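See structure below.
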């Protein structure tokens, strides 16, 4: 496979259309390099699992450009909406129930893990997409996450359709809050602290 390497020459609309049609891309984010495709492109999603050697039981994250885009596939309670509006774009993944339209994205999970990345070049692509982006970290399962261009090219050149380079990244894990359960459960404390989330959520978080 011939991989297109992009840096400052990204045609945003064309890339968005390609991802919607099942192209697989590796891209910089505000955390680590990610790999993704159009969220409803089942064949391409399965290809990501194959490339990463990732167990099928582990769901992928859903990246969106905004709260409005997220609400097309997921249901937000007033408290969940308040948390999203406070911390998006940024380092918070919210696990929320799906809408009817979002049910195909569950792929066996009980909720959708959604995030709006703070990395502007990626958000520009997401804003042009007519569906969310299914994504996970760009690394072979069980191996360290990738944060520099050389490692990304060595691992994925020839394996994916596009690589969008973004320099060397500073890895910061997102916090993961599951609000499909009561009380809400913090599955991972990352860049956003539990006490801060709890203050916005308004109730105790496990």
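Side notes on the structure shown:
- Residues of region 20-53 classified as touching a helix residue (DSSP H, G or I) at 6+ places or on another chain (Cβ under 8 Å), surrounded by 19 or more Cβ atoms within 10 Å (Cβ to Cβ) and closer than 19 Å to residue 106 by Cα, total: 6
- Subset of region 164-180 [in a loop (DSSP other than H, G, I, E, B), in contact (Cβ under 8 Å) with a residue 24 or more places away in the chain and either closer than 16 Å to residue 111 by Cα or touching a helix residue (DSSP H, G or I) at 6+ places or on another chain (Cβ under 8 Å) (or both)]: 165, 166, 167, 179, 180
- Flag if residue 160 is touching a strand residue (DSSP E or B) at 6+ places or on another chain (Cβ under 8 Å), at pLDDT 95 or above, buried (at least 17 other Cβ atoms within 10 Å of the Cβ) and part of a helix (DSSP H, G or I): no
- Test: residue in region 146-157 that is in contact (Cβ under 8 Å) with a residue 12 or more places away in the chain and closer than 28 Å to residue 71 by Cα: no
- Some residue of region 69-86 being at pLDDT 95 or above, under 30 Å from residue 9 (Cβ atoms) and buried (at least 16 other Cβ atoms within 10 Å of the Cβ): yes
- Residues satisfying the stated conditions in region 96-126, i.e. assigned to a helix (DSSP H, G or I) and within 15 Å of the chain's Cα centre (by Cα): 105, 120, 121, 122, 123, 124, 125, 126
- Just one of the listed residues (93, 155) is out of contact with any helix residue (DSSP H, G or I) (no Cβ under 6 Å at 6 or more places or on another chain), at pLDDT 95 or above and assigned to a strand (DSSP E or B), and it is 93.
- Condition check for residue 150: within 21 Å of residue 26 (Cβ to Cβ), surrounded by fewer than 21 Cβ atoms within 10 Å (Cβ to Cβ) and over 15 Å from the mean Cα position of the chain (by Cα): yes
- Residue check for residue 136: outside any loop (DSSP other than H, G, I, E, B), free of Cβ contacts under 8 Å to residues at least 40 places away in the same chain and buried (at least 16 other Cβ atoms within 10 Å of the Cβ): no
- Helices (runs of 4 or more DSSP H) fully within region 1-83 counting 1 or more residues that are within 16 Å of residue 124 (Cα to Cα) and within 16 Å of the chain's Cα centre (by Cα): 12-20, 67-70
The values are calculated or read from the model by the stated rules, or taken from the named source; none is laboratory data. All values reported here derive from a predicted model rather than from experimental measurement. Glycine gets a Cβ as well: all are built from the backbone with ideal geometry, and neighbour counts include every protein chain shown.
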